[in-house]
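Quick notes on the structure that follows.
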2 protein chains.
Amino acid sequence: MTAFRYGNDLLIVDAGLMFPENDMLGIDYIIPDFRHLAAQRNLNVRGIVITHGHEDHTGAIQHVVTAFNGPIYATSLTAGLLEVKLRQARLLDQVSMNVFKAGDKLNLGPFQVETFHVCHSIPDCVGLGIQTPVGLFVHTGDFKFDNTPVDGWPTDFAKLAEFAGRGVMALFSDSTNADRPGWTPSESVIDQAFDRVFQGADGRIIVSTFASLISRVQQVAWVSERYHRKIAIVGTSMQDNIRMAVNRGYLELPPNLIVPIDEAKKMPNHEVTIIVTGAQGEPSAVLNRLATGRLNHFAIQQGDTVILSAHAIPGNEETVHRTVNRLFQRGAQVIYDPIEPVHVSGHASQEEQRLMLSLVRPKHFVPIHGELRHLNQHSKLAQQVGIPRERIAVVENGTELIFKSDGTMTIGERIPGGYVFVDGSSVGDFGPAVIREREELGRDGVVMVNAVITAEGGHVLHEPEIVMRGFMDGAGRDALIDSAIQTVRRILTQHNGGRKSDQVKDALSRLFYNETRRRPMIFAFINEV
Amino acid sequence: MTAFRYGNDLLIVDAGLMFPENDMLGIDYIIPDFRHLAAQRNLNVRGIVITHGHEDHTGAIQHVVTAFNGPIYATSLTAGLLEVKLRQARLLDQVSMNVFKAGDKLNLGPFQVETFHVCHSIPDCVGLGIQTPVGLFVHTGDFKFDNTPVDGWPTDFAKLAEFAGRGVMALFSDSTNADRPGWTPSESVIDQAFDRVFQGADGRIIVSTFASLISRVQQVAWVSERYHRKIAIVGTSMQDNIRMAVNRGYLELPPNLIVPIDEAKKMPNHEVTIIVTGAQGEPSAVLNRLATGRLNHFAIQQGDTVILSAHAIPGNEETVHRTVNRLFQRGAQVIYDPIEPVHVSGHASQEEQRLMLSLVRPKHFVPIHGELRHLNQHSKLAQQVGIPRERIAVVENGTELIFKSDGTMTIGERIPGGYVFVDGSSVGDFGPAVIREREELGRDGVVMVNAVITAEGGHVLHEPEIVMRGFMDGAGRDALIDSAIQTVRRILTQHNGGRKSDQVKDALSRLFYNETRRRPMIFAFINEV
C-alpha cells in the first residue's frame, strides 16, 4: 500500500497483505498499519487504485475500504477478484467499484492518473503515471518486461518513454528480484516445458498452481488440447476464478474441454489433466490433502505425474518440499523447477529494472515492494544507470517522503506503528508480546498444578493435580509426575511464610530442569480455603 | 548413518544429526532411530567410520558410541572435531579413537575398508571402498569433483576407476544436489569474488561462515594478507577450530595475521577483517547478535561490509534474510549469493553424479543423503547412464537392503521407528504427539480457569481466576476476561449435574470463538470442597 497526499486529498495505491513468517505462530495474515493516516481529519479520499489481483495487493481491501471509504478503481479481472473478497466480507454493496481499461485516464481531484499495461504473472496488470501539481510520479506496480507474454500484450514501453519526455519527478519501482542478475524468462518458456512433460507422460497429469494464475490455466488448456486430454478442476477458489475469467474474456477454453472430476476418474489415464490449488503446501489446500491421502475427490495413483507450477513463497520452501516428498512416496512423479522450468517469476530481474530506470529517467527514485536487502540492491542498480545516491530514498514501510514544486525530495519521519496482525476476527488487538508468549508456550510446553489447602494449617485437602501439555510423554512421564506431586506436597505442608504458588513454581522448575534440561512454562493454582 | 552387517559383524558409517524443521517446536536436533539395531544381541561392532567433520555426519557421535561401543576411525581433522564433541559429553576417555589418512586401508573383521580422498566443503573428507565376502561396496561420503580445490587435493579419480575394474556390487552416493543441473563451481571461484569485494571496500570487512569451514578461513586469510588487513576472530567455536586446524596442519596463517578483537577496534577500518560465526541466522550466534545490536565485542558501523559466506540450510532462509535486512538497517553493506558468489555448494551436481556413476560402474545403485525427491532424481540420473531401474534402491531411512554372493539385491522391511527427537537432555522420551501439542499451544495460546466451589450447594468460594497466555492483549482483553468470569460464575451456580469443568470449557470455548474467531486451549481447574 502506498498513499499519495496533496493537501487534504489522498490517493491510495494497492491494499495488500503480507503472509506471516514461520515463527509468527497462529497469525492468519498481516496488514499495513494505516491507523495514523486514517485518524487524520478532513481527508478527502479521491480513490483506491488497485494495480492487479494478487493477494499482496488486494488482500487488505476490506480493512482499507472500512478505514478510508473511498471509491475503488481496478481493471476488469482485478475488480472481479476484489468483488469476491468484498462479498465474503459483506461489504460489496457499501463500496463504489469503478472498472477501467489499461490506457484509461482517471481524474481523481488533484491526481490525474494515467494507467498503462504491464506484464506480470496475472493478466490485466497496470502501472500508474500520476500527474500532480508538484510533478509526475510513476508507480510500476508489479512488472516484468515479457516480450512474448502468453496473452500477447507486452508492457507499455511507449507510455514509459512518453513519461520520460514529460519529465518524471520520481519513479516507484518493484524491487522483488533486485538480487537476481539478467532478465526474467518469458512466461512462454513454460509452454515448452509443459510440452516435454505432456509428451513423456503415460498416466494422468495433475497441475498445481495458484488460483489467481489465469494465464497458467490458459497454457494448461492449450497443451491438454494438443495432447487430447480433458481437464478436471478441483478446488472452489480455482473454479470460481476460472468461471469469472472466462466470463470476462481473460480465458479461452475450447468447448467440452472441462469435465467434472467424477467423469475424469472414469476416463483412460492418458486422457486426463487435473488442475488443483495448493502449490504452497498449505495444510488445508487440495495438493496437501492429496499428498497426505486426505482428499475426497481422488487419490494419487502409481503413474501419475504432478507438476508444481509455482515457486514457493519465501518461508514456504520446507512445506512445499515436504509435500513433494509425500507425493513421491505415493508413487507419483513430481516435476518442479529446477527439474523443468514449469514456473517463472512474474517480477523484473536486474536488467529489466535497469531498463525501467533508463526508460523513465526519473529525477528521484524510490525502490518499493521488497525487503530492505532488495531495496538496497535496487538502489545500487539505479546508481549504475546514473541516479545520484542522494536522489534515492531507501526507506522502510511507514516513512513519509515530501516532494516539493522546486523539485526537491525530503525523507520525513517514520510514522509510529508497523504491521498489524490479523488472527481470526481480531485485527490488531494483539501485538508482538502475544506472539512471543506463543513462542514460549510452544518451545518447551506447559505444566499446570492445582491444589487446595487449608488457610490455617497448610493441610492439603486434595491430592495435587499435575497437567502437562507439549512437555513430555514416553517412559519417564509418569515417574516425573509422581516426583512433582511429592515436591508440591512437601512445599504445601511446610510452614515458612511466603507465597505458596511461587514456591511451587520455583521448586518444580528446578526439578524439571534437573531431570530434562528443559524449562516448560509452569502455572500453579494453589487455593486456600 | 549407514550400517553394513555381515553375520554378527557390524560396520557403521557416519553418525550425523538432522536439524529440526521450523514447525518442530523446541526441538534441539534429531538423531537416527537405531534402537532396533542396538537392541540385537551378539553384535560385534568392528568400527564406526566417520567420513568427515560436518554435523550431519558427526553430531550424533555421543549417542552412537554409547549405544554401540565400537572403535572410531577418522582422518585427523575429523578426529579433532569429534574429540571436541566427545570431551563435552564426557565420553572422550571411554572411546577408542583411531586416526587414518585418506588412502589407508582398515581391516575391520570381514570388512576391508579402503579409504579414498573426496572434495567437499571441509578438508580431509573420505569415501570408502568396503570389500566384503559378498562383494565390493563404494560409499562416496559427501563429495564434489572440484578440479581446482583450495587445498590442491582433488577427488581420487584413480581409486574410483580401480574399484570399477574390480567390479562394484553397489554404489552408495550423495544425492543432495540431484535436482541441480550441471557442475558445482569450484571453491576457487570464491577467491575471485572475495578479491572484488575486498578491492571495493573502504571500511571494515566482516566475514560470516560456518565454524567448520576451515578452507574458507584459509581463503579469507589469503585475501586479507593481499589487501594488508589483519584478522580478528569472534566466536569460541571458530577460535577452537582454527587453533586445532593450524596445529594439525590444515590451515596456514602468516605470522601476526591474527589480532585480538580489542586491538582490531583500535586499527584503521581499512586494515581490519573480522571473522564471525552464525551465517545461519541462529538467534544466539555471533552474526545475529551483531545484527540486533546485542554483541559485546563490537558493533556494526556505517561503512562496514558484511560477507555471508554460507548458504542457508533449507528451512533457515527466512531467518538468514531477516538477519541480512537488520544488518542493512544498521548501515552495513551486505554481500551474499547471488550478489557475489561468496559461497558454493560442497555437493556434486548432476553432471558430477553422472560422472561418479560412470567411473564406478556399479551393479546396483543406492542414492543416499537427500530427501525422497533427491533420491528419485538421482535414480533417474543413474538410469540415464545405463543402470536398470530394478537394480536401483530408492529407499527411506530405516530400510534393510540384502545383498547376496550370487549378485542379487533385495529390498527388505522398513524397520519400525523413524527419527528420535533430542531436546535438552531428553533423548527420544517424547515423540510427534508432544510436538503436535506444542503446535496447538502456540497456535492460539492458552486460557486457564481456577475456581473453588462447595461440593453441596455449588456456592462459589473465591472469585474465579482467569489466566491467558498467547491469546490476546490490547483493548478487548480486560472486557473479555470480565465476560469470561461472568460465564464461569453462571455455570458454577447452575444446578444441572454433569462435570462442571467440562461445562466451563465448553462455554468459554463458545464465548472466545464468538468474540475472536480463535480457539485457545482451555484448562479448567474447578475444585469442590
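Per-structure values
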quantity: Checking B:Asp124 against (1) at positive phi; (2) modelled with pLDDT of 95 or more, the condition it does not meet; calculated: (2)
quantity: Any pair with Cβ under 6 angstrom, 6 or more apart, that starts in region B:454-477 at a residue that is more than 11 Å from chain A (Cβ to nearest Cβ) and assigned to a loop (DSSP other than H, G, I, E, B) and ends at one that is exposed (fewer than 15 other Cβ atoms within 10 Å of the Cβ) and of a type outside the set (D, E, K, R); calculated: B:Gly458/B:Thr493
quantity: Residue that is surrounded by the fewest Cβ atoms within 10 Å (Cβ to Cβ) [pool: residues in region A:333-342 that are aliphatic (A, V, I, L, M) and more than 10 Å from chain B (Cβ to nearest Cβ)]; calculated: A:Ile335
quantity: Matching residues in region A:159-181 - criterion: being under 19 Å from A:Asp104 (Cα atoms) and of a type outside the set (A, V, I, L, M); calculated: A:Lys159, A:Glu162, A:Phe163, A:Arg166
quantity: Residue check for A:Ala285: in contact (Cβ under 8 Å) with a residue 40 or more places away in the chain and either closer than 29 Å to A:Thr176 by Cβ or facing chain B (nearest Cβ under 9 Å) (or both); calculated: yes
quantity: Test: residue in region B:420-438 that is part of a helix (DSSP H, G or I) and in contact with a strand residue (DSSP E or B) (Cβ under 7 Å, 6 or more places away or on another chain); calculated: yes
quantity: Region A:1-29, residues that are in a strand (DSSP E or B) and within 14 Å of chain B (Cβ to nearest Cβ); calculated: A:Met18, A:Tyr29
quantity: Of the criteria (1) at pLDDT 95 or above; (2) out of contact with any helix residue (DSSP H, G or I) (no Cβ under 7 Å at 6 or more places or on another chain); (3) over 12 Å from A:Val360 (Cβ atoms), which one A:Phe137 fails; calculated: (3)
quantity: Test result for A:Ile491, at pLDDT below 95, more than 14 Å from every other protein chain (Cβ to nearest Cβ), under 20 Å from B:Val452 (Cβ atoms) and surrounded by 12 or more Cβ atoms within 10 Å (Cβ to Cβ); calculated: yes
quantity: Positions within region B:77-104 being in contact (Cβ under 8 Å) with a residue 60 or more places away in the chain and touching a Gly at 6+ places or on another chain (Cβ under 8 Å), in sequence order; calculated: B:Leu77, B:Gly80, B:Leu81
quantity: Of all residues in region A:351-389 being within 10 Å of another protein chain (Cβ to nearest Cβ) and in a helix (DSSP H, G or I), the one that is surrounded by the fewest Cβ atoms within 10 Å (Cβ to Cβ); calculated: A:Lys380
quantity: The one condition in (1) more than 13 Å from every other protein chain (Cβ to nearest Cβ); (2) crowded, with 16+ Cβ neighbours inside 10 Å; (3) more than 18 Å from A:Ser175 (Cβ to Cβ) that A:Gly398 fails to fulfil; calculated: (3)
quantity: Any hit, region B:411-426, residues being over 23 Å from the mean Cα position of the chain (by Cα), away from chain A (no Cβ under 12 Å) and under 26 Å from A:Thr516 (Cβ atoms); calculated: yes
quantity: Within region B:79-176, strands (runs of 3 or more DSSP E) holding 3 or more residues that are crowded, with 17+ Cβ neighbours inside 10 Å; calculated: B:111-118, B:125-132, B:135-139, B:170-174
quantity: Residue satisfying condition, being more than 14 Å from chain A (Cβ to nearest Cβ), at pLDDT 95 or above and over 28 Å from the mean Cα position of the chain (by Cα), within set B:Ile274, B:Ile261; calculated: B:Ile261
quantity: Residues satisfying the stated conditions in region B:307-330, i.e. in contact with a Lys or Arg (Cβ under 9 Å, 6 or more places away or on another chain) and more than 9 Å from every other protein chain (Cβ to nearest Cβ); calculated: B:Ser309, B:Ala310
quantity: Search result, residues across region A:301-352 that are under 30 Å from A:Phe145 (Cβ atoms), more than 24 Å from the chain's Cα centre (by Cα) and modelled with pLDDT under 95; calculated: A:Ile339, A:Glu340
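The values are calculated or read from the model by the stated rules, or taken from the named source; none is laboratory data. Everything numeric in this text was worked out from a predicted model, so none of it was measured. All Cβ positions, even for glycine, are placed from backbone atoms using ideal geometry, and neighbour counts span all protein chains on display.
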